[in-house]
Structures are given as structure tokens and as C-alpha cells.
1. Counting alpha carbon pairs within less than 8 Å and at least 6 residues apart, what relative contact order, in whole percent, applies to chain B?
2. Which pairs in the list A:K4/B:K145; A:K470/B:K470; A:K127/B:K470 are over 26 Å apart, alpha-carbon to alpha-carbon?
3. What does the copy distance list look like for A:E35, label position 7 Å along Cα→Cβ, in nm and ordered from shortest?
4. Cα axis of helix B:287-302 to longest principal axis of chain B: angle in degrees, 0 to 90, nearest 10?
5. Please rank A:T7, B:T13, B:T278, fewest neighbouring Cβ atoms within 10 Å first, as an exposure proxy.
6. Taking every DSSP beta bridge that has both residues in chain B, what percent is antiparallel when rounded to the nearest 5?
7. What are the residues whose amide H is under 5 Å from the amide H of A:A374, where those residues sit 5 or more places off or on another chain and H is modelled from the backbone?
8. With a/c under 1.5 counting as rounded, go ahead and sort segment A:8-128 into rounded, prolate or oblate using the C-alpha gyration tensor (a ≥ b ≥ c being the square roots of the eigenvalues; past the cut-off, prolate if a/b is larger than b/c, else oblate).
Protein chains: 2
Amino acid sequence: MYSKEDTICAISTPNGRGAIAVLRCSGPDSFNIAEKIIRLPERKGKLSGQAANTVHFASVVEGIQVIDEVMVTLFKGPHSYSGEDTVEISCHGSPYIQKKILELLVQAGARMATAGEFTLRAFLNGKLDLTQVEAVADLIASGSKAAHRIAMSQMRGGFTQEIRKLRDKLLTFTSLVELELDFSEEDVEFADRGQLKTLLNEITNVLDSLSNSFVLGNVIKQGIPVAIVGRTNAGKSTLLNLLLREEKAIVSDIEGTTRDSIEDVISIRGVHFRLIDTAGLRHTEDAIEKLGIRRTWEKIDQASVVLQVLDPKSRPDEIIHLRDKIKADQGIAEKQLIIVLNKMDLVPPGKMEPLLAKFRSVLLPGETLIPISAASGNNLQLLEESLMTIPGAYSTRENDVIITNVRHFEALTRALEALTRATNGLNNRLPDDLLSQDIREALHYLGEITGEITNDEVLGNIFKNFCIGK
Amino acid sequence: MYSKEDTICAISTPNGRGAIAVLRCSGPDSFNIAEKIIRLPERKGKLSGQAANTVHFASVVEGIQVIDEVMVTLFKGPHSYSGEDTVEISCHGSPYIQKKILELLVQAGARMATAGEFTLRAFLNGKLDLTQVEAVADLIASGSKAAHRIAMSQMRGGFTQEIRKLRDKLLTFTSLVELELDFSEEDVEFADRGQLKTLLNEITNVLDSLSNSFVLGNVIKQGIPVAIVGRTNAGKSTLLNLLLREEKAIVSDIEGTTRDSIEDVISIRGVHFRLIDTAGLRHTEDAIEKLGIRRTWEKIDQASVVLQVLDPKSRPDEIIHLRDKIKADQGIAEKQLIIVLNKMDLVPPGKMEPLLAKFRSVLLPGETLIPISAASGNNLQLLEESLMTIPGAYSTRENDVIITNVRHFEALTRALEALTRATNGLNNRLPDDLLSQDIREALHYLGEITGEITNDEVLGNIFKNFCIGK
């Protein structure tokens with residue numbers, strides 16, 4: 001299914017018109033193919049005769065017709081992105097020219113690359129492991145500083161180097177255990193069970209902490225979900241609009257054309273927050289309103305942060321009620337609760353402190369009260385600072401290793417299950433062939449993460465999300 | 001106003017997400033600036049120590065944080081697009097990374113380039129003349145094969161080489177004429193008046209044919225305007241939709257994101273046609289309908305081709321009426337008239353030929369009758385072939401030199417006026433100082449075309465239409 005016998009080509013720069021665009025052609029025949037449509041200045045001789053990693057002014061021609069004047073860069077395998085001979089053509093960025101040169105490359109014998117096929121070849125040629133491949137896609141998709149940093153760290157080797165080292169050690173042990181099976185009648189022990197137990201323990205700990213980082217990693221990738229709860233007349237919408245108005249331009253700028261799909265995401269110093277507006281919460285017998293309230297609870301359930309909007313007329317009880325309800329209904333205590341006391345511009349200066357004291361008196365440790373005026377924008381920054389202190393936002397400023405990929409998470413989970421069985425087997429002195437089988441299974445799943453063990457279906461799933469041209 | 005003392009930077013590839021993106025940094029300080037944010041692998045040493053026209057794997061860094069792994073290409077002035085030291089950074093195509101690297105370049109001392117500023121520098125450094133500069137913009141904007149070919153020919157020197165040669169000859173003559181003025185009391189003749197007359201004649205002919213090509217050139221650039229005239233129930237809309245449906249995808253594909261601005265343009269084998277739908281034409285006393293009909297005539301006035309849609313129930317007279325009206329009202333006989341006889345699927349086979357004969361009997365030479373069925377798409381190809389035979393479409397397949405730029409057209413017109421005065425002056429033996437003045441004026445306008453004579457306003461107008469990054 002995945003051949004690297006033929007030569008592939010694609011436009012690698014974003015769609016549309018620009019100053020320049022870049023086409024790539026990679027594969028065993030790429031120099032020959034490029035030579036058919038590219039004329040170097042006469043004194044330079046043939047394209048394939050040029051040194052690797054050099055760039056040349058040239059013309060792209062169709063017969064005697066000059067299609068464009070371009071810069072051509074040559075890479076010789078294995079010292080290229082794909083690991084193969086590669087020609088990059090940097091042309092004028094007219095969609096007409098881009099398309100025309102692509103057609104000429106195809107006519108000259110190249111095949112249109114499928115999504116991510118240059119990266120696929122990099123993988124097949126051993127230039128990247130599978131997590132690095134996935135990191136390339138994540139890197140290109142990353143729209144926030146935090147998501148970018150995680151993808152970058154993963155692309156540069158990240159956690160897989162550690163996994164691979166542990167896997168190699170485990171592999172040695174398994175081989176020894178399996179060797180014992182061959183000599184089963186002689187009751188020898190090649191693999192030190194104490195050391196094996198220590199190793200299983202070490203690996204389990206590493207995988208455990210990686211696996212635990214997944215929730216956080218996913219939150220970072222998607223934006224940290226913040227549910228905004230409160231009566232409409234407390235200024236919930238004004239606050240939402242204020243947050244969005246302040247940041248919408250920035251997010252839109254970063255995200256480019258994908259803005260539509262991330263409605264209501266704000267970015268504070270590179271960390272994305274997904275603002276989830278909710279219907280009001282109160283007791284009601286009305287069926288439709290009940291449905292709305294049930295939806296609100298579902299949304300709160302998805303959120304890491306609950307932002308409760310109150311105003312000076314609200315009762316401090318409302319904080320207690322919401323907190324109790326979150327804990328009682330959902331059994332989740334880890335949600336961060338931020339109380340926004342809005343409309344503070346309406347409070348006379350003298351009454352400010354007593355009012356704040358009244359609300360503060362019901363707060364538990366870790367909860368924050370922020371007096372703001374959504375109408376004037378006063379103290380908005382304080383609210384943003386407060387969002388930045390929540391764990392997801394904070395961790396992304398550290399150099400933690402974080403899993404964001406559901407495929408890795410699943411493989412880690414299965415590897416952990418197998419390791420747990422192996423450890424238990426070891427403790428309970430189960431037969432060696434069962435032990436070996438569990439370890440083999442763990443090895444299999446660990447190998448799947450880095451791509452040492454893979455299949456077409458897995459590759460297909462990974463590459464279907466890639467850009468063409470990468 | 002136009003300095004080349006500082007170092008400029010920009011994203012040069014199209015906006016948005018892609019496999020890769022390219023940033024450019026050009027100017028005297030570009031190597032130093034790039035060195036602040038780019039780390040080569042250690043064995044390679046410093047960026048500025050690398051050979052020109054080489055490409056290197058490198059990291060873009062912000063402090064100790066790696067922002068991206070990139071390919072960096074070095075060009076040393078004057079052997080670069082801008083004629084200056086230039087660094088090109090090819091990074092992963094995430095909008096976040098593109099923006100980040102741009103910010104880093106600016107922090108390191110580069111300035112964001114204005115639209116077309118790299119090309120401006122190419123002009124200031126004598127790498128391109130002004131028509132070539134304009135051709136670069138046209139090339140990037142060109143969405144059809146014909147427009148592309150004209151821009152390409154202009155970028156490669158096109159007609160300006162000829163103009164420059166003629167201008168140089170004229171300059172020599174003028175100098176001689178002016179030398180005579182210094183010796184006016186001695187009645188010498190340095191400049192052979194016969195040769196001068198021949199030269200003026202030659203230049204006038206060249207400029208005349210260039211100037212005449214402008215109408216055609218503009219048509220090619222904008223798309224050849226085709227007015228579709230006829231009663232709605234003759235199937236005008238069906239035909240329009242058929243033409244658009246057939247070709248919309250192709251045009252949209254070529255044009256990328258600018259599709260919106262070229263509503264109702266079809267492309268047949270690389271030639272664009274602008275389809276202009278019109279209201280029906282008939283006698284009426286209704287004021288609003290009259291207004292509609294006046295607009296229809298205005299649209300017909302803009303068109304090179306009038307496509308009259310009739311059906312089997314139409315009378316051949318309608319052809320005569322339309323033709324007469326076009327000639328009488330507008331005095332323009334050069335419009336191509338194509339008669340489309342629609343709904344031929346409704347005509348029984350036996351009645352087909354007599355019906356066609358009836359309509360053909362009123363046609364004049366050069367007019368075409370095409371029986372089609374817009375409903376079934378039958379004979380659509382015949383109609384497209386017929387559109388391809390009209391002069392604008394035809395000429396673009398030749399290697400004619402064609403003016404498309406209104407600035408060139410104006411300068412040519414003024415140069416021609418001055419040359420005509422000079423020729424008349426020569427014939428009427430007007431004083432040499434008047435002759436010299438006219439020739440100087442012609443030289444001035446010719447110099448304006450190539451940019452040998454220019455000013456900030458002209459440059460400003462040219463570059464305001466450029467992409468950032470080119």
C-alpha cells in the first residue's frame with residue numbers, strides 16, 4: 001500500500017495567491033523529472049550535476065514556452081526531509097502558475113502526492129518515528145503557544161526516546177525469560193526477577209505519568225474549557241462579549257482561516273480558553289427550561305473552570321449552592337471556581353469593601369473572587385490573570401512532557417494493563433509463558449506508539465489528517 | 001521615501017496554513033539579524049560564514065526555546081531577487097509559527113516589509129525595470145493562461161527592450177540636434193534629417209502597434225466580455241448556468257480564494273470570458289422596464305461578443321433587429337454576433353434542417369448560428385469553440401506583444417503625441433529648438449515606461465497593488 005518506488009509531487013505552501021509558492025518533488029526519479037521541465041542558465045550545465053543543498057535560478061518551461069522564472073533547490077537523499085532525492089521549486093505565487101507547474105511535473109512522470117506523503121516517506125526511510133510524524137501534523141495545526149510547544153517537543157523526540165530506551169531494556173528481559181522457556185526442564189533463571197520487577201515498576205511509573213498528562217494535553221490542544229454560569233442580568237453576556245471582543249482579533253489573526261471552527265476561543269498570552277456560555281441555573285417546573293438547565297450541567301461537566309457571574313444584588317448563598325451542586329451532582333471537586341462580581345461600577349465607594357467581605361466570607365481555599373465591571377472593562381485583566389493561574393494554563397509554561405494524542409493514550413493504556421498483569425504475574429509466581437505473553441503485549445503497544453510496530457490502517461489514520469504537500 | 005538602508009522581512013507565501021511557509025529577510029543587515037534567531041548545527045559554524053546559494057537545516061530559537069526546525073537559504077547581493085543580502089526561512093506552515101518567526105525577525109532588528117518592497121529594492125538596485133516590476137504583480141495576479149503569458153513575456157523584458165533601443169537611438173539624434181543649437185550661427189547639421197525622419201517613423205509605428213494592443217490586452221486581463229441577450233424564456237439563464245456550471249469548478253480552482261471577485265467568468269482552454277447577463281430587449285412604454293433596457297444596451301456596449309439566445313419559436317427578424325440596433329445605436333460594427341438557437345431537443349428530427357435554414361438565411365458573413373440544447377447540454381462544446389474563434393481569444397495564442405497596463409498606455413499615448421508633433425515639425429521645417437523639445441518630451445514618456453524616469457508617486461501607485469512579501 002505504501003510504496004516509495006515512485007516519485008511524488010505537490011504544492012507545499014498554503015492555498016491561494018502569494019508572493020511565492022513552493023512545490024516539492026521527492027523520489028528516486030525526482031532529478032530526472034525536474035530536469036524535463038527546468039532549464040538552468042547554460043553555463044551551469046545539468047540540474048542533476050549540481051551540488052546537494054544548493055539553490056539555483058532557473059526557468060520552468062513547457063516546450064519552448066517559459067512558464068515561470070523560479071529558484072530550484074536540490075536535496076540529495078538521505079539528507080532531505082523525506083530521506084529521498086528532492087527538488088523544491090520556488091515559483092511566483094499565482095495559483096495559475098502553481099497549478100501549471102504541478103501539471104508539468106505530473107506530465108514529466110511524477111505522481112500527485114497524497115496527504116502527508118512526504119512525511120510518510122520520511123517515516124518509511126527512518127528519518128522520523130511515528131510520534132514525530134504526528135507531531136509534524138500537530139505543529140502545523142497548532143494555533144496557540146501551548147499547543148505549539150507540546151508539538152515541538154514531541155517532534156524533537158520528546159517522550160519517545162525514553163519509551164524506546166525502556167522498551168529496549170524490557171525486550172532484553174523478555175528474551176531472557178523466553179530463553180528460560182527453552183530450557184524449562186533445567187530450571188535455570190537467566191532473567192533476574194528482582195531486576196525485572198524494578199524495571200516493570202519504572203516503566204509503569206513513566207507510562208502512568210504520561211497517561212495522566214493526556215487529559216491536560218487534550219485540554220491544551222482544544223483550549224481550556226471555561227463554563228460561564230450566571231443569570232443573564234448579572235452581565236454574563238456582556239462579560240463574554242468583553243472577553244471575546246478583547247481577544248477575538250488576536251485569535252482570528254493567529255488562526256487564519258480556521259477561525260469559524262473555534263468560535264468563542266480567547267487567547268491569553270498564548271494559552272487558549274474555550275468559553276462555554278450556559279443558560280441560567282435556577283429551580284423551575286417548566287419542562288423546556290429544565291432541559292436548558294440539564295444542558296448547562298452537561299456543559300459544566302466538560303469544563304475545567306466554572307466562572308460564576310454575580311452582581312452586587314446577588315446573595316453569597318449562590319456561590320455555596322453552585323459549589324455544592326457541582327460536588328454533589330457530579331462528584332468532581334477538581335473544577336476551578338472563579339466568582340466574578342460584576343457591575344462594581346454601580347457600587348458607591350464606601351460600600352465596596354463591606355460588599356466584597358460579604359462574598360469573600362463564603363469562599364473556600366483555592367476559590368477566587370474578582371470584582372469587575374464588564375460594562376467599563378474594569379479589572380478585566382485581573383480576571384485574565386486569574387484564568388492563567390489554573391493548572392492547565394500553568395503547566396503549559398513548564399517543560400512538562402504531555403500526551404495530546406488519543407492514539408498514544410490508548411496504546412499507553414493497553415501497555416499499562418499488560419504491564420500490570422505482568423507485575424501481578426511476577427508477584428504471584430505465575431508461569432513464565434504467561435509472564436512473557438503479557439510483556440510481549442506491552443512491548444507491542446509501546447512499539448505502536450513509536451511506529452516500530454505498525455500497520456496500514458494506523459498509518460492511514462495518521463496521514464489522512466495531514467496537509468497535501470507535507 | 002524609498003530607502004534601502006534598512007533590512008526588511010515578510011511572510012512571502014500565501015496566507016494561512018500549509019505544509020511549509022517561507023519568510024524573507026533582505027537588506028544590508030539580514031545575515032546578522034537572521035543569525036540572532038537561527039542556530040545551525042554546531043559543526044557548520046556561523047550562518048554568515050556559509051556559501052551563497054546554499055540551503056541549511058537549522059533551528060529558529062527564542063532564547064533557549066526552539067520555535068521551529070527550518071531550512072535556511074542564503075543569497076548574497078547582488079545575486080538575489082532584491083539585489084541585496086537575503087535570507088529565506090522555510091518553516092512549518094502553521095500560522096502561529098509564521099507569525100512567531102516574523103516577530104522574532106522584527107525583534108532582532110528587521111522591519112516589516114511594505115507591499116512589494118522586495119521588488120521595489122530589485123528595481124532600486126537595477127535588477128528589474130519598471131515594466132518588469134509591474135509584470136511581477138501581473139504574473140502573481142494572472143488567473144488565465146492568456147494573462148499569464150502576457151505578464152511572463154513582459155517580465156522577461158518584453159517590449160521594453162525594443163523601446164529602450166529606440167529611445168537610445170532617439171537620444172543620440174536629439175543630442176546632435178541640440179548640439180546644432182549651440183552652433184546655431186554656423187548653420188551646421190550634425191543630425192541627418194532624413195535618418196531622423198526614418199527613426200521617428202519607426203518609433204511611431206512601434207508605439208502605435210503597442211498602443212493599439214492595449215484594448216485587446218485589457219480584454220485579456222479582465223476576461224473577454226460576452227453579453228448574453230435574449231428573452232428569459234428562450235433559455236438565457238439555463239444557458240448561463242450551463243456555461244458556469246461546466247466551468248465554475250475549473251475557474252474556482254485556478255483562482256483560489258479570489259473567486260468571489262470574478263463572478264461569472266468562465267475559462268475555456270485558458271482563455272477567460274466574462275459573461276454579462278442582460279435584461280430582455282423589447283419595445284416598452286413602462287418606465288422601469290425602459291431603464292432595464294437602457295442598462296442592457298450599456299452592457300452590450302462593453303462587450304466584445306454578443307450572444308443572442310433564441311428558441312425555435314423565435315423569428316429570424318430578431319437577429320436582424322438586434323444587429324441593426326447595435327450598428328445604429330452604437331456605431332460599432334466590430335462586435336462579434338453569435339446566435340444560439342436553444343431548445344433544439346424540442347424540434348422533431350425532420351423539422352431540424354428547415355428551421356436552421358430559415359435562421360441561417362438572415363446571417364451575414366462572420367456571424368455564427370449554433371443550435372444547442374441548454375437543458376441537455378447538447379452542442380455546448382460547439383458554442384465554446386465558437387467563442388474561442390473571436391479575435392481576443394485567438395490572439396492570445398500567438399506570441400504577440402500586448403500592452404495591458406493603463407500606465408504604459410497613457411505614457412505611450414503621450415509619447416506618440418509628442419512624436420507626431422516632432423514629425424510634423426520636421427516636415428514643416430519648424431525651428432530646431434521646438435523639434436528638440438518635442439523629442440525630449442517623447443523621451444521623457446518613454447523613460448517613464450521603463451522607469452528610467454520616475455517619481456515617488458508613480459512608484460507608490462505601482463507598489464500599492466503588490467502582495468506583502470514580494
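Read-outs: derived from the displayed coordinates by stated rules, not from any lab. Note that the coordinates shown come from a computational prediction; the quantities given were computed from them, not determined experimentally. Here Cβ is always computed from backbone atoms with ideal geometry, including for glycine, and neighbour counts include all displayed protein chains.
1. On the way: 749 pairs, mean separation 81.9, N = 470.
Computed value for chain B: 17 percent relative contact order.
2. Working: A:K4/B:K145 34 Å; A:K470/B:K470 23 Å; A:K127/B:K470 33 Å.
Those over the limit are A:K4/B:K145; A:K127/B:K470.
3. Relative to the other copies, A:E35 has label-point distances of 3.9 nm.
4. Its long axis makes an angle of about 60 degrees.
5. Ascending number of Cβ neighbours within 10 Å: B:T278, A:T7, B:T13.
6. Values: 32 of 53 bridges.
Rounded to the nearest five, the antiparallel share is 60 percent.
7. A:K343, A:M344
8. oblate
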